[in-house]
Amino acid sequence: MNNKVKGSAALFVARVFSGLNVNAMGYLLPVWIAPIGCVTVRLVFGAIVFWVVSIFSKPETITWNDRLKLLALGAFGIFGYMSLYALSISYTTPVNFAIFNAMQPLWVVVVSALLYHESIEGRKLTGLAIGFAGALLCILSEPAAGTASDARLGNILAILSSIIYSVYLVLSARFVGHLASVAILRYTFTAAAVVALIVSSFIGFDAPLFEDEAHYRPLLVLLYVLVFPTVLTYFLIPIGMKYLDSAVVALYGYVTLIVATGVSLLLGMDKFDPMVIFSLLLIGVSIYWVGVSDKKKV
């Protein structure tokens, strides 16, 4: 299989899992489990799985410098992204969150320019302006009654989570070329899990789905979150990062947006809002506009 096709297929599947994850988290939080509690369960589960898999993987030589960088990247990037993700879903609608999450390619361009002084050409500036206009419309629009407890706060948290994940994408791409994905994941998830456990020890762990009688439906939803978006998705994303440019990797976030929006409307988790749909289209145009020049490089 062609490397570009392999990377694209891996990212497509990963982003479908991520889109369904938005709806799954919207169902679980905060009724069945508190946001940070869910993050802690995900990170601890992921760290254990990645270390077990590494036992059966080919041994790698990792410098202490790389280990420290990966630990810092996990503590900031993985924990920060998942925490803000969970908190955002608790306040806003799945569609709104998915819209801001899809802005990752725009943030990748900005982060790359700030960290590595990559130039931003006129086409990309136009795309960024269109995307930010769409985001502003989404923030200012009022969600349908009963679908969000505090949409504006949730939207702001969604933007922050998208920025942090974009930083993670840009920085972790520097390791993909010379380290296997499981080596990267076992260190980043371990650091993130340790931070999550420390935070949970201070704020408490609230999870009604583990109390009293068995709640089969939320437990099955949580199992999906643990196995597919938490483990398999993070195995698949490095494959895409290995063969495709980081901006193109982030471009596949639009698949997450389409899946999350479609499922939300079908299940009644969100309601049709012309302004939000218009915001979605603007951000979609901006993502294409920004990513089209990067696609020519791969």
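The values are calculated or read from the model by the stated rules, or taken from the named source; none is laboratory data. Small disclaimer: the values here were computed from a predicted structure and weren't measured. Note: ideal-geometry Cβ built from the backbone for every residue, glycine included; neighbour counts use all protein chains shown.
May I ask you to verify whether residue 177 is more than 14 Å from residue 74 (Cβ to Cβ) and out of contact with any Phe, Trp or Tyr (no Cβ under 9 Å at 6 or more places or on another chain)? Yes: the conditions hold for residue 177. If you go through the range 72-127 and pick out every residue that is under 23 Å from residue 260 (Cα atoms), part of a loop (DSSP other than H, G, I, E, B) and among the small types (Gly, Ala, Ser), you end up with 1.
Among the criteria (1) part of a helix (DSSP H, G or I); (2) over 12 Å from the mean Cα position of the chain (by Cα); (3) modelled with pLDDT under 90, the one residue 59 does not fulfil is (1).
Only one residue in 53, 31 is β-branched (Val, Ile, Thr), closer than 22 Å to residue 194 by Cβ and in contact with a helix residue (DSSP H, G or I) (Cβ under 8 Å, 6 or more places away or on another chain), so which one is that?
Numbers: 31 fails: closer than 22 Å to residue 194 by Cβ.
The conditions single out 53.
Take residue 236 and decide whether it is within 24 Å of residue 41 (Cβ to Cβ) and buried (at least 20 other Cβ atoms within 10 Å of the Cβ). Spelling it out, residue 236 is indeed within 24 Å of residue 41 (Cβ to Cβ) and buried (at least 20 other Cβ atoms within 10 Å of the Cβ).
For the range 186-224, a residue qualifies if it is assigned to a loop (DSSP other than H, G, I, E, B) and of a type outside the set (A, V, I, L, M, F, W, C), and the qualifying residues are 204, 206, 211, 212, 213, 215. Being aromatic (Phe, Trp, Tyr) and under 20 Å from residue 134 (Cα atoms), is that true of even one residue in the range 265-273? So far as the range 265-273 goes, yes, one or more of its residues are aromatic (Phe, Trp, Tyr) and under 20 Å from residue 134 (Cα atoms).
When residue 266 is tested against (1) in a helix (DSSP H, G or I); (2) in contact (Cβ under 8 Å) with a residue 24 or more places away in the chain, only condition (2) is not met. Answer with yes or no whether residue 183 is touching an Asp or Glu at 6+ places or on another chain (Cβ under 6 Å) and either of a type outside the set (S, T, N, Q) or in a helix (DSSP H, G or I) (or both). It is true that residue 183 is touching an Asp or Glu at 6+ places or on another chain (Cβ under 6 Å) and either of a type outside the set (S, T, N, Q) or in a helix (DSSP H, G or I) (or both). Listed conditions (1) surrounded by fewer than 23 Cβ atoms within 10 Å (Cβ to Cβ); (2) at pLDDT below 85 are all met by residue 52, apart from (2). When you look at residue 26, is it in a helix (DSSP H, G or I), of a type outside the set (Asp, Glu) and within 23 Å of residue 240 (Cβ to Cβ), yes or no? Against the criterion (in a helix (DSSP H, G or I), of a type outside the set (Asp, Glu) and within 23 Å of residue 240 (Cβ to Cβ)), residue 26 does not qualify. Only a single item in (1) part of a helix (DSSP H, G or I); (2) modelled with pLDDT under 90 is not met by residue 69, and it is number (2).
So which residues in the range 165-176 are in contact (Cβ under 8 Å) with a residue 40 or more places away in the chain and farther than 17 Å from residue 57 by Cα? Lay out the reasoning, then the answer.
Restricting attention to the range 165-176, the residues satisfying the condition of being in contact (Cβ under 8 Å) with a residue 40 or more places away in the chain are 165-173, 175-176.
Once the filter is applied, which keeps residues that are in contact (Cβ under 8 Å) with a residue 40 or more places away in the chain and farther than 17 Å from residue 57 by Cα, the range 165-176 yields 165, 166, 167, 168, 169, 170, 171, 172, 173, 175.
Among the residues of the range 258-281, which ones are in contact with a helix residue (DSSP H, G or I) (Cβ under 6 Å, 6 or more places away or on another chain) and at pLDDT 80 or above? Passing the criteria: 259, 260, 261, 263, 264. Within the range 199-233, being more than 28 Å from residue 11 (Cα to Cα), hydrophobic (A, V, I, L, M, F, W, C) and exposed (fewer than 13 other Cβ atoms within 10 Å of the Cβ) holds for 202, 203, 214.
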